[in-house]
Amino acid sequence: MERTYTVVVTRDPEDGCYVVTVPALDDCSTYGDTLPQVLERAQEAILAYLEGLAALGKDAPPDMDSVAVRLGASPEASVYRVSVREEAAVA
């Protein structure tokens, strides 16, 4: 089954790296040097998160209907939808 999650990408103003968070998955985040890299890492982070839930016998949460973004130190943010295949996450 394919699952799609909303991710929020910001850019660290100090070192220029991209930071991605997945609002529907508590504490699921990663970073990368380029936008393509951070989106690929977002898929990996989501799969790892779902694997952890499966290992605990928990269901994957649905994506959020809406997302509020706080920019903090970052001057801008982008919102993307990232899809993963859940079968790959479940052992």
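Name the residue from Ala55, Pro36, Tyr5 whose Cα lies farthest towards the positive end of the charge dipole of region 2-89, charges +1 on Cβ of Lys and Arg and -1 on Cβ of Asp and Glu.
Among Ala55, Pro36, Tyr5, the one farthest towards the positive end of the dipole of region 2-89 is Tyr5.
Round to the nearest 10 and give me the degree value, 0 to 90, for the angle of helix 35-55's Cα axis relative to the longest principal axis of the chain.
30
Working from the pairwise distances between different alpha carbons, so that the mean of 1/r is found and then inverted, what is region 2-89's Kirkwood radius in Å?
Radius from the Kirkwood sum: 13.3 Å.
Using per-residue counts of other Cβ atoms within 10 Å, averaged over each peptide, order 49-56, 36-43 from highest down.
For the peptides 49-56, 36-43, the packing ranking is 36-43, 49-56.
Tell me what the chain gives for mean residue ellipticity at 222 nm when only DSSP H runs of n ≥ 4 count, each as -39,500 (n - 2.57), the sum divided by the residue total, rounded to 500 deg cm²/dmol.
That calculation yields -8500 deg cm²/dmol at 222 nm.
Counting alpha carbon pairs within less than 8 Å and at least 6 residues apart, what relative contact order, in whole percent, applies to region 2-89?
42 percent.
Every number here is computed from the coordinates shown, using simple stated rules; none is lab data. Everything numeric here is computed off the predicted structure, so don't read it as measured data. A quick note on method: Cβ atoms are made from the backbone with ideal geometry, for glycine too, and the neighbour counts reach across all protein chains shown.
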